[in-house]
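Novice: Below you'll find the structure I mean.
The values are calculated or read from the model by the stated rules, or taken from the named source; none is laboratory data. As the structure is a computational prediction, the values presented were derived from the model and not from experiment. Glycine gets a Cβ as well: all are built from the backbone with ideal geometry, and neighbour counts include every protein chain shown. The area values use the complete protein model at the heavy-atom level, side chains included, leaving out ligands, DNA and RNA. Shrake-Rupley method; radii C 1.70, N 1.55, O 1.52, S 1.80 Å.
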Amino acid sequence: MNYVRNAWYVASWSQDLDTEKPFAITILGERIVIWRTAEGSLHALEDRCVHRLAPLSLGRCEGERLRCMYHGLLFNPDGEVVEIPGQELIPATARVKHYAVVERHSWIWVWMGDARAADPALIPPAVGFDHPDYVLGCGQLDYAAEARLINDNLLDFSHLTYVHANSFGTGNDFAERQPKITMLARGVRFERWIRGGIGNAAIRVSEEPMDRWQSYDFLIPGVLLMWSAGYPLGTAEALDYQQPRQEDAITGLNFTSQAVTPMGEKTARYFFSWGPHRRHGDEQMRDNMMKVAGQAFAEDKVMIEAQQRVIDETASPQIMPTSHDRGVTLFNGLVRKLVQTENAGARDAA
Amino acid sequence: MNYVRNAWYVASWSQDLDTEKPFAITILGERIVIWRTAEGSLHALEDRCVHRLAPLSLGRCEGERLRCMYHGLLFNPDGEVVEIPGQELIPATARVKHYAVVERHSWIWVWMGDARAADPALIPPAVGFDHPDYVLGCGQLDYAAEARLINDNLLDFSHLTYVHANSFGTGNDFAERQPKITMLARGVRFERWIRGGIGNAAIRVSEEPMDRWQSYDFLIPGVLLMWSAGYPLGTAEALDYQQPRQEDAITGLNFTSQAVTPMGEKTARYFFSWGPHRRHGDEQMRDNMMKVAGQAFAEDKVMIEAQQRVIDETASPQIMPTSHDRGVTLFNGLVRKLVQTENAGARDAA
Amino acid sequence: MNYVRNAWYVASWSQDLDTEKPFAITILGERIVIWRTAEGSLHALEDRCVHRLAPLSLGRCEGERLRCMYHGLLFNPDGEVVEIPGQELIPATARVKHYAVVERHSWIWVWMGDARAADPALIPPAVGFDHPDYVLGCGQLDYAAEARLINDNLLDFSHLTYVHANSFGTGNDFAERQPKITMLARGVRFERWIRGGIGNAAIRVSEEPMDRWQSYDFLIPGVLLMWSAGYPLGTAEALDYQQPRQEDAITGLNFTSQAVTPMGEKTARYFFSWGPHRRHGDEQMRDNMMKVAGQAFAEDKVMIEAQQRVIDETASPQIMPTSHDRGVTLFNGLVRKLVQTENAGARDAA
């Protein structure tokens, strides 16, 4: 699969990882078991016993260690076998792969490259439940589609006008115009003013037209971080279409964090949170936003899974990019470049 | 798949194609979207957007056009893209395949060859709900089996004695005798007299023995058109076993139209209607006939899908034809010949 | 598939094979139909008609013969076609493969090698419902896993400590020690004393410690025959750890017969019976034992099917045997040797 390895992938919501209950997830085709010890530390190993390939995620937590519950081999958090029942000697090869894992912004992040090179500074600055300013709801969806198709979807918001005509209620005008697009070191930034609109149905508090700002970063490996807010009519022009300050927003300031995790070749998990800033909304507004988001993200899933099925049945699938694909093209180019660099590094090391 | 392309395949019942609700079906492995406009015209296109391969069947009808509801590309009925939101120029390559489509005899027919060569005169003369003389019921079944196996089934009625012993109630005698078989330009004709029988349980109105005539054409690409009726005892001999006139039938004159549409390699859709002539029966008889047919066609499905599974698990599946296979052999030979002619034509054109 | 062909495989429980109801099972990837005639004899044929490959298991019993219910070909118990409706001549090639089949110990056994070489003396001495001394219950489970993985499981009981910690309640001590292992002509024997334990939860009648004996043969092709019983504390030492006599058991004498039948590449059926000796238990104890066994065998299924999935997703699956794998290694070595001998014989014959 053509994805960056030296990156942090979301494996789970923090609140879904119970203490001493090993959790299994496949990322980039690799089966991983993650567990939280009674002491509160997090560990992640290859989910495959060296003995007979039973999944360690069916295992038992014992202190910082994990025991395979097929024939009892005991693994330490580095992946070394430290006990084989009924046998004194433990072969040096008795070990499984170890992954770097970090909990931050209410997500459990796994580094898919060499664990020694894992750099927590590369974790995207998502907004989690621990953030004091936002009232968030969250959800997740499993896709029968490759992650790249979901990334592509999130990298071209012109689909809002069509896929989400009945949920977010984005008008035709939206798809006629292009956002400002800027390359980042590890992603692409999208910025736009929507002038004189009445805003997204999910966060609209008044029918009065205003200028609305929308800005998001789409970051390696597939994390979308977006805020938007409403400003007095004329603000866009007054600011010469530059980015406004969040504190000047008069309504609807909100933040959404979204992450796309490639599982198998054609399966992915999509994590999302969304909610208003405390000054602009409350739990009730958040619940309403999540209801609309639930409908909208189901619309994406129907479209993208159908798209995947068509691709699967097409002998030589070829796309025809449009002008709206600029963000898609820039991001996929960045992925390609990073993957090439990784592969070159792997060849040099070999 | 080894099927004739220059032929009309049934895609749907007329009554199942709602106005401005795009309908998706795969025929010969090709995804097709068919829609009926508010004006009443019918269109059929390749069900795959040129942009990112989303299915157009999730699209929106706009007059005679169809808009892809992923990123809004608009297609005219010929398959040309006529609008790309946010982009002025439309590439000349922005087009999908167009299919000839015709509504007739309560069926929607799609021509799978070159649309310019589509010849409505080749549509088989099925009997639809618009026919004044018959009281029809209808149904359809999806098969997890290749269409050819269903065709083979319909080309050898000796299976009635075994598969349908408990539904149509055909006796042993039936399988012991051969029908008269005649080649047609685009099919095979089967004719037979069953002398002194009491007839098929579904349409029997009396226990009195009579001579029964049964005749059907099995036509390219896989359409069965059959009528049968009861005549006074001795008619068969009096007519020297030739075909009787329908107007001389004394009981049970009925007509059934059936169509087998290959969808994928091992999936097919089977459409059928059946019912008595108005002079020989009414809605109640039709309902009784459809009840028996429902049971009988489920019996076929069980047998044919099981046969498909055995074939799939057989390394080199080989059949051993019997004398009853003459119709199967003639029809499949005709298919082979037509396919060869098409392939030769394609090579000459290339 | 790498399994011995000259062996008897369990196809069904005796009580599940109704008179004149053809029964289908796939063994070693071969579809087989087995039927019991009104006279009580058993027959087994390849489940695939020579005509169009319909399954004979959808057929009708007629005396000792079986009629294909697609187009009526009639087969005798040797697999020869003896009637083709509507056709006088029957080709000499009109025959399907015939299998030797024997009913014994409440199981229907099929010989997968050359039927002429079938030797009923090789049927493992299981204990069936016809055995006067045991009060048995029985069950079966279909696995989405290859049979070899289930065999491996049964050839290393150290998994009891882990997989069955909550059902059979086997303690840690059990996995620390090795049984005595002996090669048999067609299998491997496991014997062990468990000193001073309180025994398996399923058959425990008292909390008083005693010495418990456990012994089983695992026989080609995959049949486990085990008995165990409790003896007074000190018996193990007094007998110098040799096998005790069944009649000296003071409690919990019981017998279990288990059979693993490879169906497809990655499917298997697991048959099992279990129960106390009449002197040591009754129907109520048997029901309790079966309840615990039901839980335990479900635990195995969860683990082994998960193991299969991990193996399937592993590019080059490799195991790392432990000291507990000695029985596995011996048995799989025996299988390999027998298969090689069979293959050499087949080459010589060719």
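Novice: Here is a check on your reading of the model: is A:Gly86 over 27 Å from C:Gly171 (Cβ atoms), open to solvent by less than 70 Å² (accessible area, probe 1.4 Å) and either within 14 Å of chain C (Cβ to nearest Cβ) or acidic (Asp, Glu) (or both)?
Specialist: Answer is no for this residue.
Novice: Does C:Gln307 fit the bill of being assigned to a helix (DSSP H, G or I) and free of Cβ contacts under 8 Å to residues at least 60 places away in the same chain?
Specialist: For C:Gln307, the condition - assigned to a helix (DSSP H, G or I) and free of Cβ contacts under 8 Å to residues at least 60 places away in the same chain - is not met.
Novice: Would you tally the residues in the range B:96-122 being open to solvent by 30 Å² or more (accessible area, probe 1.4 Å), within 23 Å of B:Trp227 (Cβ to Cβ) and small (Gly, Ala, Ser)?
Specialist: Summing the residues that are open to solvent by 30 Å² or more (accessible area, probe 1.4 Å), within 23 Å of B:Trp227 (Cβ to Cβ) and small (Gly, Ala, Ser) in the range B:96-122 gives 1.
Novice: Of all residues being out of contact with any Lys or Arg (no Cβ under 8 Å at 6 or more places or on another chain) and open to solvent by less than 10 Å² (accessible area, probe 1.4 Å) in the range B:36-53, which is farthest from the other protein chains (Cβ to nearest Cβ)? Just the residue, please.
Specialist: B:Thr37
Novice: Could you run through the range A:96-125 and say how many residues are of a type in the set (A, V, I, L, M, F, W, C) and within 14 Å of chain C (Cβ to nearest Cβ)?
Specialist: Selection size over the range A:96-125: 1.
Novice: Could you please tell me which pairs satisfy a Cβ distance under 9 Å, a separation of 6+ or placement on different chains, a first residue in the range B:8-28 that is more than 12 Å from B:Glu46 (Cα to Cα), and a second residue that is among the basic types (Lys, Arg) and in a loop (DSSP other than H, G, I, E, B)?
Specialist: Sorted first by the residue in the range B:8-28, then by its partner, the pairs are B:Leu28/B:Arg5.
Novice: Looking at the range A:63-113 only, could you name the residues that are closer than 27 Å to A:Ala346 by Cβ, part of a loop (DSSP other than H, G, I, E, B) and touching a residue at least 24 places away in the same chain (Cβ under 8 Å)?
Specialist: A:Pro77, A:Gly79, A:Thr93, A:Ala94, A:Val96, A:Lys97, A:Met112, A:Gly113
Novice: From the list C:Tyr9, C:Tyr3, which residue is within 30 Å of C:Val339 (Cβ to Cβ) and assigned to a loop (DSSP other than H, G, I, E, B)?
Specialist: Just one listed residue meets the conditions, C:Tyr3.
Novice: I need a count of the residues in the range C:147-187 that are of a type in the set (Ser, Thr, Tyr) and not in a loop (DSSP other than H, G, I, E, B).
Specialist: 4
Novice: Then there is this: How many of the residues making up the range C:251-293 are touching a helix residue (DSSP H, G or I) at 6+ places or on another chain (Cβ under 7 Å) and charged (D, E, K, R)?
Specialist: Qualifying residue count, the range C:251-293: 1.
Novice: Under 8 Å between Cβ atoms, at least 6 apart or on separate chains: pull out the pairs that start in the range B:165-193 with a residue that is closer than 14 Å to C:Met69 by Cα and end on any residue that is open to solvent by 50 Å² or more (accessible area, probe 1.4 Å) and not β-branched (Val, Ile, Thr).
Specialist: Filtered contacts from the range B:165-193: B:Asn166/B:Gln295; B:Ser167/B:Gln295.
Novice: Just one of (1) open to solvent by 40 Å² or more (accessible area, probe 1.4 Å); (2) more than 10 Å from chain C (Cβ to nearest Cβ); (3) more than 22 Å from A:Asp130 (Cα to Cα); (4) hydroxyl-bearing (Ser, Thr, Tyr) trips up A:Thr93, so point out which.
Specialist: Every condition holds for A:Thr93 apart from (2).
Novice: When the residues of the range B:2-35 are filtered to those that are over 17 Å from the mean Cα position of the chain (by Cα) and aromatic (Phe, Trp, Tyr), which remaining residue is nearest to B:Ala147 (Cα to Cα)?
Specialist: Checked the range B:2-35; the qualifying residue nearest to B:Ala147 (Cα to Cα) is B:Phe23.
Novice: Considering B:Phe331, B:Phe297, B:Phe255, B:Phe272, which residue is of a type in the set (Phe, Trp, Tyr) and under 28 Å from C:Arg31 (Cα atoms)?
Specialist: B:Phe297
Novice: For C:Glu146, work out the one condition from (1) more than 14 Å from every other protein chain (Cβ to nearest Cβ); (2) among the acidic types (Asp, Glu); (3) within 27 Å of the chain's Cα centre (by Cα) it doesn't fulfil.
Specialist: For C:Glu146, the failing item is (1).
Novice: Another question about this same structure. Just for the range B:255-278: of the residues that are in contact with an Asp or Glu (Cβ under 6 Å, 6 or more places away or on another chain) and assigned to a strand (DSSP E or B), which one is surrounded by the fewest Cβ atoms within 10 Å (Cβ to Cβ)?
Specialist: B:His277
Novice: Do we find that A:Ser41 is in contact with a Phe, Trp or Tyr (Cβ under 8 Å, 6 or more places away or on another chain) and over 30 Å from A:Arg336 (Cβ atoms) in this structure?
Specialist: For A:Ser41, the condition - in contact with a Phe, Trp or Tyr (Cβ under 8 Å, 6 or more places away or on another chain) and over 30 Å from A:Arg336 (Cβ atoms) - is not met.
Novice: Can you say whether A:Ala11 is buried (at least 21 other Cβ atoms within 10 Å of the Cβ) and in contact with a helix residue (DSSP H, G or I) (Cβ under 9 Å, 6 or more places away or on another chain), as far as the supplied structure shows?
Specialist: no
Novice: Looking only at residues that are more than 8 Å from chain A (Cβ to nearest Cβ), surrounded by 18 or more Cβ atoms within 10 Å (Cβ to Cβ) and of a type outside the set (Lys, Arg) in the range B:59-72, which one is farthest from A:Thr161 (Cα to Cα)?
Specialist: B:Leu66
Novice: Among the residues of the range A:37-60, is there at least one that is modelled with pLDDT under 95 and under 29 Å from the mean Cα position of the chain (by Cα)?
Specialist: Within the range A:37-60, not a single residue is modelled with pLDDT under 95 and under 29 Å from the mean Cα position of the chain (by Cα).
Novice: Which of the residues belonging to the range C:287-346 are of a type in the set (S, T, N, Q), at the interface with another protein chain (Cβ under 10 Å from one of its Cβ atoms) and more than 20 Å from C:Gly222 (Cα to Cα)?
Specialist: C:Thr314, C:Gln318, C:Thr322, C:Ser323, listed by residue number.
Novice: May I pose another question? Say whether the condition of being part of a helix (DSSP H, G or I), more than 24 Å from C:Val4 (Cβ to Cβ) and not small (Gly, Ala, Ser) is met by at least one residue in the range C:331-340.
Specialist: No: the range C:331-340 contains no residue that is part of a helix (DSSP H, G or I), more than 24 Å from C:Val4 (Cβ to Cβ) and not small (Gly, Ala, Ser).
Novice: Ok, one more. Which condition number in (1) surrounded by fewer than 16 Cβ atoms within 10 Å (Cβ to Cβ); (2) more than 14 Å from chain C (Cβ to nearest Cβ); (3) among the polar types (S, T, N, Q) is the one that B:Asn166 fails?
Specialist: Status for B:Asn166: all satisfied but (2).
Novice: Kindly indicate which of C:Gly252, C:Gly327, C:Gly281 is open to solvent by less than 40 Å² (accessible area, probe 1.4 Å), in contact (Cβ under 8 Å) with a residue 24 or more places away in the chain and in a loop (DSSP other than H, G, I, E, B).
Specialist: None of the other options fit; the residue is C:Gly281.
Novice: Among the residues of the range B:304-313, is any open to solvent by 40 Å² or more (accessible area, probe 1.4 Å) and touching a strand residue (DSSP E or B) at 6+ places or on another chain (Cβ under 8 Å)?
Specialist: Yes.
Novice: If A:Pro125 meets every condition in (1) under 30 Å from A:Thr329 (Cβ atoms); (2) part of a loop (DSSP other than H, G, I, E, B); (3) open to solvent by less than 60 Å² (accessible area, probe 1.4 Å); (4) not aliphatic (A, V, I, L, M) apart from one, which number is that one?
Specialist: (3)
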